[in-house]
Amino acid sequence: MIKKIQHTIPDILIRLSYLLGTELKGRKLVIPEQFGRGHCTGFVFNEQIRMIISDYELNEDIPVKNSDVLSARRMIVFKFRNIFPETRILESSKQPESIPSVLIATSHINTEEVISIHTNTSTINIEVDAEYLNGLFDLSEKSPVLESLLQNTQPLLFEQIIYPSLQKIVNEILTESVNETFQLFFLRVKAEELICRLLMELEKRDEKHLYALNSQDIQTIYQVKEHILAYPGSPPKIKDLATLAHMSPTKLKRLFKQIFGDSIFSYYQKFRMQEAARLLKEEKLSVSEVGYQLGFTNLSHFSRVFKEHLGMKPKQYSRT
């Protein structure tokens, strides 16, 4: 039974437990107090798909050699962030960067043989074999975005905001109590359901041509995103953002839309309405306070924009 469980645990988790001088309990690694706190759990469902759930805080980064690096080169990575319940270790729900989202990357984005186990991690990582996924679809029916991702031949990265139905599946993975007999089967089905729904979202994107990314471009685009979200009351100006990014406006807009699936202003507006909803519901601010705080000088305009995104006027939303 122990040997059978070991075959379903990612090797990197076994190596981390050795470095921390602790034993795995089933598939779960509890971080010893002298190194930090929290836990991570790993599952190898089969040769095509594996998953690691991490919710921990370490005192310092720990380099861990990744013996799965060769197989990882054919994998597509789905990294879910900011999806843990409010009781999670890392309290970041008030920060702009904490929007629940998933990063979807081809294996060429990170080909290093050493994976840094960072000090603050609350994620679900799912790796799926690109050939396995590719075989599930009719190539002629795929969108350029989906086709490029599944071919897995160039460095690509996409980010998708997690909507409620996806969050529901994530919550089932995190909280559903399942008998050991069915645990691997249950979690594999849920993981594949998540992947399927995410691919359905990516298929809707309308980019006709995708550009191979490098780490510098990715870091720059994320710096631009963080700058935009840090100032929800100030509509972004492309010229200023291009200067910040040291990119031409054309390249900036092209790469931003490729990664996030939305124009800069549309992405900003969606976030601004999410922030408005949070301020109304959690901070209990009035409609006028929220509108002015988010840069609206006309409250009627704020009300119209809010309804377009949330389906109801802000005053009505604050009472729900």
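The values are calculated or read from the model by the stated rules, or taken from the named source; none is laboratory data. Here the structure is a predicted model, which is why all the values come from computation and not from measurement. We place every Cβ from the backbone using ideal geometry, glycine too, and count neighbours over all the protein chains shown. Accessible surface is based on the protein model in full, side chains and every heavy atom, while ligands, DNA and RNA are left aside. Shrake-Rupley method; radii C 1.70, N 1.55, O 1.52, S 1.80 Å.
Among 241, 310, 202, which residue has its Cα positioned farthest towards the positive end of the charge dipole of the chain, with +1 placed on the Cβ of Lys and Arg, -1 on the Cβ of Asp and Glu, and the dipole taken about the Cα centre?
The residue sitting most towards the positive pole is 310.
Need one word for the range 177-320: rounded, prolate or oblate. Basis is the Cα gyration tensor (sqrt eigenvalues a ≥ b ≥ c); a/c below 1.5 gives rounded, then a/b vs b/c decides.
Cα axes put the range 177-320 in the oblate bin.
Among 129, 138, 217, which one shows the biggest mean-square fluctuation in a GNM of the chain, springs joining Cα atoms closer than 10 Å?
The residue that fluctuates most here is 138.
Cut-off 10 angstrom, C-alpha nodes, Gaussian network model of the chain. Which of 296, 271, 78 fluctuates the most?
296
Label the chain by shape, choosing from rounded, prolate and oblate, from the square roots a ≥ b ≥ c of the eigenvalues of the Cα gyration tensor; if a/c is under 1.5 it is rounded, and otherwise prolate applies when a/b is larger than b/c, oblate when it is not.
Numbers: a/c = 1.78, a/b = 1.43, b/c = 1.24.
Judged from the Cα gyration tensor, the chain comes out prolate (a/c at least 1.5, a/b above b/c).
At a temperature of 10 °C and a viscosity of 1.306 mPa s, determine how fast the range 131-188 diffuses translationally according to Stokes-Einstein, using the Kirkwood radius over alpha-carbon pairs as Rh; express D in µm²/s, rounded to the nearest whole number.
111 µm²/s
Determine the dipole magnitude for the chain: charges of +1 sit on the beta-carbon of Lys and Arg, -1 on that of Asp and Glu, nothing else is charged, the reference point is the Cα centre, and the result goes in debye to the nearest 20.
The calculated dipole for the chain is roughly 940 debye.
In deg cm²/dmol and to the nearest 500, what is the mean residue ellipticity at 222 nm of the chain if only DSSP H runs of at least 4 residues count, each as -39500 (n - 2.57), divided by the residue total?
About -13500 deg cm²/dmol.
Running a GNM on the chain with Cα contacts under 10 Å, which residue among 101, 234, 54 ends up with the highest mean-square fluctuation?
In the Gaussian network model the winner is 234.
Kindly sort 204, 270 by accessible area of their heavy atoms, largest first, with the probe set to 1.4 Å.
Largest accessible area first, the residues go 204, 270.
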